[in-house]
Amino acid sequence: MANTSTRTLRLLSLLQTHRYWPGRELAERLGVSPRTLRRDIDRLRELGYPVRAQRGVDGGYQLAAGAALPPLVIDDEEAVALAVGLQAAAQNPVEGIAESSVRVLAKVVQVMPVRLRRRIDALRAMTVSAGWGNPARAAADPAVLTTVALACRDSERIRFSYTAAGGNRTERNVEPHRLVSIGHRWYLVAYDLTRHDWRSFRVDRMSAPESTGARFRPRELPTADAAEFVQAGLDNMQPQTYRTKVLVYAPADEVRARIGRWATVEEAEDGHCLVYMGTDDLDWPIMALGSLEADFRVITPPELLTRIHAWGARFTRAR
């Protein structure tokens, strides 16, 4: 039988995983008698946890809402998932969310075991955000993310299997540089040792990444940062459904400061600028243009103007 302190933590963890536990089943999971379970429940109540009891043959227990949020008991993978979610929230433009998320993330990392703190610190330090405020939401395995982030931080070569868009599967040996979140997906920017060139890899297409144990001296990226490298690769992918061209009635420097990471911005006459974006989703440039808070004129494609009018009509009907 586990000691009292360990058993109490185990009991708290079980109460947090199910809305309601039958008393007999809960006692069996803990390996204790119903009487010992009742004493452990009382101990949790003394610590401030509001545990409700239901009497009778089918009686049991459930953790109720209290006046304050009690400490949570989570496993290793849940801790990694929590940190990933908090990091994504920290990139959110909603007022107050980013600051709160950073504070919570700091508290979580501070009390983590060293093995987890090292993984989370790597993920946080080696990820570059290039999103509009929508965090990366691709089905990337948190274990893969943290393994790659750790290799980026420690400058260790990794190998993994990669499945291309056409289904071709290859083995890659790379020098990882940075993780980038953009377009609701995660990407790894790395130097491919087989192809002797820089590449970006979708993390959800990577499998079984592992460190080779070989350290390397970081190379100089051919672009200003990792996010720009990924975006340039996405812009050059063929075929592209749309290539947008918009005249924005605002200075190029101001526009470039806001969306230059995701678009090509060129100076035009009268202090205006031309904005180019390659995309297969017209909602993406609409969000970019809307964030500028400046008037503009759509040059190409006509589908973009039609889509903007549809957005405008829907917004006008809003109440």
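Before moving on, here are some points about what is shown:
- Matching residues, the range 173-230, being among the hydroxyl-bearing types (S, T, Y) and in contact with a helix residue (DSSP H, G or I) (Cβ under 8 Å, 6 or more places away or on another chain): S181, Y187, S200, S207, S211, T223
- So E175, is it part of a helix (DSSP H, G or I), of a type outside the set (S, T, N, Q) and either over 20 Å from R153 (Cβ atoms) or at pLDDT 90 or above (or both): no
- Each residue in the range 247-301 was checked for being assigned to a strand (DSSP E or B), closer than 20 Å to A224 by Cα and open to solvent by less than 40 Å² (accessible area, probe 1.4 Å), and 4 of them qualify.
- Matching residues, the range 25-46, being in contact (Cβ under 8 Å) with a residue 12 or more places away in the chain, farther than 20 Å from D75 by Cβ and open to solvent by 70 Å² or more (accessible area, probe 1.4 Å): E25, R43
- All conditions but one from (1) touching an Asp or Glu at 6+ places or on another chain (Cβ under 6 Å); (2) under 29 Å from I299 (Cβ atoms) apply to V174; the one that does not is (2).
- The set of residues from the range 209-230 being closer than 13 Å to Y162 by Cα and either assigned to a loop (DSSP other than H, G, I, E, B) or open to solvent by 80 Å² or more (accessible area, probe 1.4 Å) (or both) comprises just one member, E210.
- Output for the range 162-174, where each listed residue is within 14 Å of S200 (Cα to Cα) and open to solvent by 10 Å² or more (accessible area, probe 1.4 Å): Y162, T163, A164, A165, R172, N173
- For the range 9-24, the criterion of being assigned to a helix (DSSP H, G or I), touching a Ser or Thr at 6+ places or on another chain (Cβ under 9 Å), without any contact (Cβ under 8 Å) to a residue 40 or more places away in the chain and under 20 Å from D75 (Cα atoms) is met by no residue.
- Filter result for L150 (open to solvent by 20 Å² or more (accessible area, probe 1.4 Å), assigned to a helix (DSSP H, G or I), more than 30 Å from G260 (Cβ to Cβ) and at pLDDT 75 or above): yes
- A single member of R137, R117, R103 is modelled with pLDDT of 70 or more and surrounded by fewer than 19 Cβ atoms within 10 Å (Cβ to Cβ), and it is R117.
The values are calculated or read from the model by the stated rules, or taken from the named source; none is laboratory data. Keep in mind that this is a model prediction, so the values were computed, not measured. A quick note on method: Cβ atoms are made from the backbone with ideal geometry, for glycine too, and the neighbour counts reach across all protein chains shown. For accessibility, only protein heavy atoms count, side chains too; no ligands or nucleic acids. Shrake-Rupley method; radii C 1.70, N 1.55, O 1.52, S 1.80 Å.
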